[in-house]
Amino acid sequence: MNIYPSLKAFLDNNNVTLVAVSKTQPATVVQTLYDQGQRVFGENRVQELCDKKEQLPNDIQWHLIGHLQKNKVKYIAPFIEMIHSIDSLDLLEKIDKEAAKNDRIINVLLQVKIAQEESKFGLNPNELIENIHQFYQFKNVRIQGLMGMGTFTNDITITEQEFEFFKNYFNQLSDYIPDDHKESFTVKSLGMSGDYKLAVEYGSNMVRIGSLLF
Ligand SMILES: *Cc1c(COP(=O)(O)O)cnc(C)c1O
């Protein structure tokens with residue numbers, strides 16, 4: 001069954017952007033979704049993203065959603081639409097440099113650790129509040145919001161707690177954003193195939209959905 005039309009309609013109704021996560025899918029399969037109108041696609045690996053970009057139409061907006069190594073930023077800096085996975089100040093500095101080389105401003109999200117499980121990547125929420133001004137020292141990146149990833153679990157009460165935390169934390173952090181940047185801080189990238197409806201209930205306005213679509 002083709003779930004795309006009903007999923008897209010649901011998300012449009014709620015003003016939620018769909019990032020179609022095409023990792024591990026061949027370009028031919030991605031093209032099928034493109035032909036139905038989807039333009040925003042997400043990948044978690046730089047090499048795979050660059051390979052697919054070569055094979056697919058030019059008007060796709062590519063999002064990098066997985067952990068990014070500093071030495072790979074240069075490959076995506078010329079074209080990437082958004083990077084969801086800022087998990088260190090060093091990485092943001094590197095993206096700023098590569099963006100400047102390409103005469104671009106790159107959209108980014110700060111990835112915060114919301115999962116109770118031991119997760120490898122993401123900024124510590126308390127430390128981020130303390131250091132937020134350092135993230136605003138760069139001219140060639142635009143911080144558009146936050147990305148969160150819940151614990152991989154079937155226990156909905158855990159996911160609910162984490163999404164509740166994300167929602168409150170987004171509002172709390174907003175108070176610390178420099179005044180001249182507050183307007184750009186709007187994106188809440190939260191929710192995947194298994195929990196996107198719940199994420200939307202908790203205020204998500206960007207979901208990253210893979211397995212449900214492909
Ligand atoms: C793979 C991935 C997704 C999509 O997961 P699905 O469960 O397939 O929808 C979302 N976000 C990130 C960071 C991912 O790596």
Does any residue of the stretch 21-31 turn out to be more than 14 Å from the ligand (Cβ to nearest atom), modelled with pLDDT of 95 or more and either under 16 Å from the mean Cα position of the chain (by Cα) or of a type in the set (S, T, Y) (or both)? yes
Looking only at the stretch 64-77, which residues are in contact with a Lys or Arg (Cβ under 8 Å, 6 or more places away or on another chain) and not in a helix (DSSP H, G or I)? I65, G66, H67, A77
Just one of (1) in contact (Cβ under 8 Å) with a residue 40 or more places away in the chain; (2) open to solvent by 20 Å² or more (accessible area, probe 1.4 Å) trips up Y75, so point out which. (1)
Between residues in the stretch 1-29 that are farther than 22 Å from G203 by Cβ and residues that are part of a strand (DSSP E or B) and of a type outside the set (S, T, N, Q), which pairs lie under 8 Å by C-beta distance while being six or more apart or on different chains? S22/F41; S22/G42; S22/E43; K23/G42; K23/E43
Within the stretch 194-203, tally of residues that are under 19 Å from Y4 (Cβ atoms) and small (G, A, S): 2
Any idea which of V112, V141, V108 is at pLDDT 95 or above, open to solvent by less than 80 Å² (accessible area, probe 1.4 Å) and in contact with a Pro (Cβ under 6 Å, 6 or more places away or on another chain)? V112
Quick one: count up the residues across the stretch 196-208 that are surrounded by 24 or more Cβ atoms within 10 Å (Cβ to Cβ) and among the charged types (D, E, K, R). 1
Matching residues, the stretch 1-60, being open to solvent by less than 60 Å² (accessible area, probe 1.4 Å), out of contact with any Phe, Trp or Tyr (no Cβ under 7 Å at 6 or more places or on another chain) and of a type in the set (K, R): K8, K52
Go through the stretch 183-195 and give me each residue that's open to solvent by 10 Å² or more (accessible area, probe 1.4 Å) and touching a helix residue (DSSP H, G or I) at 6+ places or on another chain (Cβ under 7 Å). F185, K188, D195
Residues satisfying the stated conditions in the stretch 78-117, i.e. farther than 30 Å from E160 by Cβ, touching a residue at least 24 places away in the same chain (Cβ under 8 Å) and assigned to a loop (DSSP other than H, G, I, E, B): P78, F79, I80, E81, N102, R104, I105
Against the definition (part of a helix (DSSP H, G or I) and at pLDDT 95 or above), how does L18 come out, yes or no? no
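The values are calculated or read from the model by the stated rules, or taken from the named source; none is laboratory data. Note that the coordinates shown come from a computational prediction; the quantities given were computed from them, not determined experimentally. Reconstructed Cβ throughout: ideal geometry from the backbone, glycine too, with neighbour counts over all protein chains shown. SASA here: full protein model, heavy atoms, side chains in, ligands and nucleic acids out. Shrake-Rupley method; radii C 1.70, N 1.55, O 1.52, S 1.80 Å.
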